[in-house]
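Take a look at the structure below.
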Amino acid sequence: MKNDALNYNNIPFQALFSEEMIFSRVKELGLQIANDYQGKNPVFVCVLRGGIYFFSDLTKAVPILVELDFIQARSYLGTESTGNVELIKDLDSDIEGRDVLIVEDIVDTGRTLKFLISHILSKKPKSLEVASLLFKEGGEEDVGYPIKYIGWNIGKEFVIGYGLDYDGKFRNLPGVFLYSEE
Ligand code: IMP
């Protein structure tokens, strides 16, 4: 882990994963996924909005034929989970009988993912797997579904950047940083 500080509109954040670290981990995951889906034509589902950069880099790191779709749910206000998850945008494609990979930015309590998994399973895909860049400790209790591809396991800290936001801000930071109020 790096300890660089970044000045973003004069707010210093501590770096957890630099852009370089993320690119090399995403490349590894991409090769692993390509190997697992060889000869198949999976649908990769981006969980908006936080998943955009991971999804964009991961899909380019998977040298097989894939189709892309997008889904959006909401469960958070500020740094606290509201406990309620609602679907804001559904998939556009018909995924019945298809191999589907959900691409998430982060799993915290696992409630959002649990909701999305059950929603997508109701559409009868042939297979369903999950890739999440980050996985916070304790998340597996609530998900109740194996997460096959994980970039890194982290603690309970709140993180921003590379798609992750605090109240809509900081998504475009090039790496993942620890959020602090100062
Ligand atoms: P969960 O339902 O508690 O697993 O929360 C999942 C969603 O909450 C993620 O898809 C993120 O959008 C958001 N989230 C959870 N932890 C963080 C964080 O540390 N930073 C930014 N967003 C987070």
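Order Lys136, Lys89, Lys60, Lys169 by their accessible area, 1.4 angstrom probe, all chains in place, largest first.
Lys60, Lys169, Lys89, Lys136
Which one, Ser56, Gly151, Ile106, projects farthest toward the positive side of the charge dipole computed for the chain from Cβ point charges (K/R +1, D/E -1)?
Most positive-ward Cα: Ser56.
Name the residues whose placed amide hydrogens come within less than 5 Å of the amide hydrogen of Phe13, ignoring near sequence neighbours (fewer than 5 apart) on the same chain.
Under 5 Å from the amide H of Phe13: Leu6, Tyr8.
Give the Rg (one decimal place) followed by the Dmax (whole number) of region 14-136, computed from C-alpha coordinates and expressed in Å.
My reading of the Cα-based Rg and Dmax gives 14.4, 44 Å.
Using only helices, what value at 222 nm comes out for the chain when you add -39,500 (n - 2.57) per DSSP H run of length 4 or more and divide by the total residues, to the nearest 500 deg cm²/dmol?
The helix contribution divided over the chain gives -7000 deg cm²/dmol.
With a ≥ b ≥ c taken as the square roots of the eigenvalues of the C-alpha gyration tensor of region 110-182, please select rounded if a/c is under 1.5 and otherwise prolate if a/b is larger than b/c or oblate if it is not?
In terms of gyration-tensor shape, prolate.
Here is the link list: Lys27/Lys126; Lys114/Lys148; Lys89/Lys169; Lys40/Lys124. Which ones come out longer than 24 Å on Cα distance?
Lys27/Lys126
Compute the long axis of helix 19-36 from its Cα atoms, compare it with the longest principal axis of the Cα atoms of the chain, and write down the angle in degrees, 0 to 90, nearest 10.
So the inclination is approximately 10 degrees.
Apply 1/(1 + (r/R0)^6) to the Cβ-Cβ distance of Asp90 and Glu181, taking R0 = 45 Å, and write down the FRET efficiency to the nearest 0.05.
0.80
Would you tally the net charge around Leu164, using a Cβ to Cβ cut-off of less than 9 Å, leaving Leu164 out, and scoring K and R as +1, D and E as -1?
-1
What percent does the relative contact order of the chain come to when contacts are Cα pairs within less than 8 Å and at least six residues apart?
22
Given +1 on the Cβ of Lys and Arg, -1 on the Cβ of Asp and Glu, and no further charges, what dipole in debye does the chain carry about its Cα centre, rounded to the nearest 20?
Once rounded to the nearest 20, the dipole reads 360 debye.
Express as a percent, rounded to the nearest 5, the fraction of DSSP beta bridges in the chain (both residues included) that run antiparallel.
Roughly 40 percent of the beta bridges in the chain run antiparallel, per DSSP.
For region 19-58, what is one quarter of the convex hull surface built on the Cα atoms, given in nm²?
Its average projected convex-hull area is 3.0 nm².
So how much slack lies between Lys40 and Ser127, counting 0.36 nm per residue of separation and subtracting their Cα-Cα distance, in nm?
Result: 30.2 nm gained on full extension.
So how far apart, in nm, are the two label points at Leu31 and Tyr166 if each is 7 Å from Cα heading toward Cβ?
For the pair Leu31/Tyr166, the computed spacing is 3.6 nm.
Taking the Cα atoms only, what angle lies between the long axis of helix 111-121 and the longest principal axis of the chain, rounded to 10 degrees?
Result, in degrees: 20.
The values are calculated or read from the model by the stated rules, or taken from the named source; none is laboratory data. Since this is a predicted model, take the numbers as computed values, not measurements. Quick reminder, even Gly has a Cβ in these numbers, built from the backbone with ideal geometry, and neighbours come from all protein chains shown. The accessibility values were calculated without ligands, DNA or RNA, using every heavy atom of the protein model including side chains. Shrake-Rupley method; radii C 1.70, N 1.55, O 1.52, S 1.80 Å.
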